[in-house]
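**Student:** There's a structure below that I have some questions on.
Rule-based calculations on the coordinates, nothing more; no lab input. For clarity, every value in this text was computed on a predicted model and none was experimentally measured. Don't worry about glycine lacking a Cβ; one is built from the backbone with ideal geometry, like all the others, and counts go over all protein chains shown.
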Amino acid sequence: MAKITSLEPQKKSANLRTKRFNIFLDGEFAFGADEDLVVDRRLVVGKELAPSDVEQLIKETEVGKLMGRMYRLFSIRQRSEKEVRDYLRKLSFKRKFKGQEEISPFIINATIELMKRKDLVNDLEFAKAWVESRRKKRGPRILKQELFQKGIDREIIEEVISGQGTLYSGQEVAKQLLDKKMKVWKNLSPLELKKKSYEFLTRRGFEYEVVKDVIEKMTKKEYNFIRESDQG
């Protein structure tokens with residue numbers, strides 16, 4: 001059995017979101033631990049730990065170190081579970097390349113589970129935020145492809161893009177985007193205008209029926225306006 005003889009705050013953790021402590025067993029430094037782990041495991045001076053407990057704590061403290069990286073990563077933008085998993089695997093590969101200890105699958109899974117409990121990893125909320133930030137420039141098809149590449153389940157993708165109370169109206173956004181282009185393409189012939197409009201909206205990820213409907217309405221409106229202006 002090993003006894004906790006001291007807990008000392010780490011100076012470098014002063015500016016971090018979660019404080020970290022150095023844990024000393026029988027008078028010698030054993031490992032660092034974040035504040036959550038210290039509280040959850042009741043790591044107090046005088047507590048005795050079995051060898052298996054020490055081994056488990058060391059695994060959990062590795063998770064604590066990774067959480068510091070995760071907080072910094074998420075300060076840039078929200079991430080999907082797949083993005084987090086890919087990031088940790090790349091980090092593990094870099095460690096291996098440098099001759100350092102790799103991050104085990106156990107540690108990666110434990111880190112992700114902890115982030116889920118803290119609601120840092122939430123694929124539904126990630127998908128909603130992704131669509132909200134990009135819906136003014138992308139059609140549903142492109143957004144679906146992007147979310148799928150981020151590892152989001154198809155059920156979540158459909159819920160966010162097409163479900164009840166969806167955040168996204170493809171036709172309205174297509175109209176807004178095409179309206180801006182009409183000012184640039186106003187001197188094109190009707191045929192050229194339709195061709196340009198179709199290619200533009202298709203590249204942006206809008207479905208065929210939406211593209212067809214929006215182009216018919218917008219080109220008709222545009223050329224009615226031109227004829228009226230010429231007559232005036």
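**Student:** Below 9 angstrom from the Cβ of residue 5, what's the summed charge of the other residues (Lys, Arg +1; Asp, Glu -1)?
**Tutor:** Details: positive: 3; negative: 26, 28.
In short, -1.
**Student:** Please identify the longest segment of the chain free of exposed GluC sites (Glu not before Pro), where exposed means a DSSP state other than H, G, I, E or B and no more than 16 other Cβ atoms within 10 Å. Walk me through the numbers before you get to the answer.
**Tutor:** Working: sites that count: 101, 102, 207.
Answer from the scan: 103-206.
**Student:** How much net charge surrounds residue 83 when only other residues with a Cβ under 15 Å from its Cβ are counted (Lys, Arg +1; Asp, Glu -1)?
**Tutor:** On the way: positive: 69, 72, 77, 79, 82, 85, 89, 90, 116, 150; negative: 81, 86, 123, 125, 146, 153.
The answer is +4.
**Student:** Shifting gears a bit: So what's the back-of-envelope 222 nm ellipticity for the chain, counting only DSSP H runs of four-plus at -39500 (n - 2.57) apiece and dividing by all residues, rounded to 500?
**Tutor:** Numbers: 10 runs with 141 residues, N = 232.
So the calculated ellipticity at 222 nm is -19500 deg cm²/dmol.
**Student:** Can you give the Rg/Rh ratio of the chain, where Rg is from the C-alpha atoms and Rh is the Kirkwood radius? Intermediate results must be reported in sequence, preceding the final value.
**Tutor:** On the way: Rg = 27.4 Å, Rh = 22.0 Å.
Rg/Rh for the chain comes to 1.25.
**Student:** Can you grab the distance from the C-alpha centre of the range 124-203 to the C-alpha centre of the range 53-113, Å, no decimals?
**Tutor:** Taking the Cα centre of the range 53-113 as reference, the centre of the range 124-203 is 35 Å away.
**Student:** May I pose another question? Given charges of +1 on the Cβ of Lys and Arg and -1 on the Cβ of Asp and Glu, with all other atoms neutral, how large is the dipole of the chain about its Cα centre, in debye to the nearest 20? Numbers along the way, then the final one.
**Tutor:** On the way: 51 positive and 38 negative charges, 268 e Å.
I would put it at about 1280 debye.
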